[in-house]
Amino acid sequence: MNRSSLTAQRLVAVFLLGFVLFNYPLIAIFNKPSKIFDIPLLYFYLFAVWALLIGLMVWVIERRKD
């Protein structure tokens, strides 16, 4: 399997992870009136997942070539 194919498969996996994490049942779990660092829990979750997905994409794309 060549390098670009492996990278593409990993990016598809990151996309699917994002699809699952931004899906309604998980978002509904975090839609509560509580706060973290004075930020509503839902907003904190959305921003954290968004940042995690960006970090994973950077890690997949910029991974050191062996």
Q: Under 7 Å between Cβ atoms, at least 6 apart or on separate chains: pull out the pairs that start in region 14-38 with a residue that is in contact (Cβ under 8 Å) with a residue 24 or more places away in the chain and end on any residue that is surrounded by 11 or more Cβ atoms within 10 Å (Cβ to Cβ).
A: Val14/Leu53; Val14/Leu56; Val14/Met57; Val14/Val60; Gly18/Leu53; Leu21/Val49; Phe22/Val49
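Take Leu53 and decide whether it is part of a helix (DSSP H, G or I), modelled with pLDDT under 95 and surrounded by 12 or more Cβ atoms within 10 Å (Cβ to Cβ).
Spelling it out, it is not the case that Leu53 is part of a helix (DSSP H, G or I), modelled with pLDDT under 95 and surrounded by 12 or more Cβ atoms within 10 Å (Cβ to Cβ).
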Q: Report the residue count in region 1-20 for those that are within 12 Å of Leu56 (Cα to Cα) and among the aromatic types (Phe, Trp, Tyr).
A: 1
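Of all residues being surrounded by 14 or more Cβ atoms within 10 Å (Cβ to Cβ), in a helix (DSSP H, G or I) and among the hydrophobic types (A, V, I, L, M, F, W, C) in region 12-47, which is farthest from the chain's Cα centre (by Cα)? Just the residue, please. Before you say what the answer is, go through the steps one by one.
Step one: filter region 12-47 for residues surrounded by 14 or more Cβ atoms within 10 Å (Cβ to Cβ), giving 14, 17-18, 21-22, 27, 30, 40-42, 44-46.
Still in the list and also in a helix (DSSP H, G or I): 14, 17-18, 21, 27, 41-42, 44-46.
Still in the running and among the hydrophobic types (A, V, I, L, M, F, W, C): 14, 17, 21, 27, 41-42, 44, 46.
On the way: Val14: 7, Leu17: 6, Leu21: 7, Ile27: 13, Leu41: 17, Leu42: 15, Phe44: 13, Leu46: 9 Å.
The residue in question is Leu41.
Keeping to region 56-66, report how many residues are within 15 Å of the chain's Cα centre (by Cα) and in a loop (DSSP other than H, G, I, E, B). Lay out the reasoning, then the answer.
First pass over region 56-66, keeping only residues within 15 Å of the chain's Cα centre (by Cα): 56-61.
Remaining after also requiring in a loop (DSSP other than H, G, I, E, B): none.
Counting residues in region 56-66 that are within 15 Å of the chain's Cα centre (by Cα) and in a loop (DSSP other than H, G, I, E, B) gives 0.
The values are calculated or read from the model by the stated rules, or taken from the named source; none is laboratory data. The shown structure was predicted, so the numbers you read here are calculated from the model rather than taken from an experiment. Virtual Cβ from ideal backbone geometry, glycine too; neighbours counted across all protein chains shown.
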